[in-house]
Amino acid sequence: AGSLGVWLPAAARRVSGELALYSYVRVSEEEDGDEAPQSGVFALPCFEKATSITLFLSFHGLAVPRAGVFARLAELHLHRVWFHGPGELGDAVSTPRCPCLQRLTVDDARGLADLNLAIRSETLLEVELRNLCTLSRLTVAAPALKELAVVLCFGKNRPVANISAPRLTNLDWGDEYDPSSVHFGKMEHLRSLSTNSYLVYANYAFIHNHFWLSLLQRFEGIQTLSLMLMYLRVSPYFPYCII
């Protein structure tokens, strides 16, 4: 993290196209479950000329800049990042600071516990959020958005989300769904829908499946539906199987 904090500001002044940074650090299960990054923290400088940034950090701590404009950034992909510091991710990727951003990926991230991730963008076309673990609340207001994936982001927290994406065509919702706390605006263009697991039978299947059926009934004109069916097995070695 120390060396990254030294040379990344120099790179930020020079990179006018694509920046891809892959840091492979072996992380034990104990370290992976702690509340603080084990390999140090560095601040991400503001890349004013870069068009694409991909960071694979093996859970280095990343402090998002609190000010500055990523004037030309069209794609941002963050993998295995441990967010740290006062800067907010949602603020950094929203239109005032990323006026050209079209694709955003955040995969397998830590440090977002109890966070209200609010993304407000006029330009985003694709957003993929996966394995954020302990997200508290999600807000997405993106009138041009076409594809949205939210998978395993809330962990044991009750999902609370407000999604406004009237031009959305593909939705992958891989977290629990509760219509009282997860709100989707009008999505008249939606054609592809992927959902979480549907329990074929179980003691609590009725309530679980009732919520998912209410999600399916919200949309008309779906052309592609991906539905995961879970069959419980009577075996201590194979508690369930997925088809």
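The values are calculated or read from the model by the stated rules, or taken from the named source; none is laboratory data. This structure is a prediction, so every number in the text was calculated from the model and none was measured. All Cβ positions, even for glycine, are placed from backbone atoms using ideal geometry, and neighbour counts span all protein chains on display. The area values use the complete protein model at the heavy-atom level, side chains included, leaving out ligands, DNA and RNA. Shrake-Rupley method; radii C 1.70, N 1.55, O 1.52, S 1.80 Å.
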| request: Have a look at Gly155, Gly90, Gly111 and point out the one that is touching a Leu at 6+ places or on another chain (Cβ under 6 Å) and over 19 Å from Leu193 (Cα atoms). | output: Gly90
| query | Do we have Arg80 as among the basic types (Lys, Arg), at pLDDT 95 or above, under 19 Å from the mean Cα position of the chain (by Cα) and open to solvent by 50 Å² or more (accessible area, probe 1.4 Å) here? | reply | no
| query | Among the residues of region 96-106, is there at least one that is crowded, with 16+ Cβ neighbours inside 10 Å and at pLDDT below 95? | reply | no
| request: Tell me, please, whether a residue that is part of a loop (DSSP other than H, G, I, E, B) and among the aliphatic types (A, V, I, L, M) can be found in region 85-95. | output: no
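Could you please find all residues in region 40-50 being closer than 17 Å to Thr105 by Cα and either assigned to a strand (DSSP E or B) or over 20 Å from the mean Cα position of the chain (by Cα) (or both)?
Across region 40-50, the qualifying residue is only Ala50.
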| remark: Filtering region 1-39 down to residues that are at pLDDT 80 or above, open to solvent by 70 Å² or more (accessible area, probe 1.4 Å) and under 15 Å from Asp108 (Cβ atoms) yields Tyr22, Tyr24
| message | Considering only residues that are within 21 Å of Ala113 (Cβ to Cβ), small (Gly, Ala, Ser) and open to solvent by 20 Å² or more (accessible area, probe 1.4 Å), which ones fall in region 152-200? | response | Gly155
| field | Subset of region 99-121 (residues that are within 14 Å of Glu75 (Cα to Cα) and part of a loop (DSSP other than H, G, I, E, B)) | value | Pro99, Cys100, Leu101, Gln102, Ser121
| query | Restricting region 135-151 to residues that are open to solvent by 10 Å² or more (accessible area, probe 1.4 Å) and assigned to a loop (DSSP other than H, G, I, E, B), which is nearest to Phe211 (Cα to Cα)? | reply | Ser136
| Within region 201-243, how many residues turn out to be modelled with pLDDT under 75, part of a helix (DSSP H, G or I) and either open to solvent by 60 Å² or more (accessible area, probe 1.4 Å) or within 30 Å of His189 (Cα to Cα) (or both)? | 3
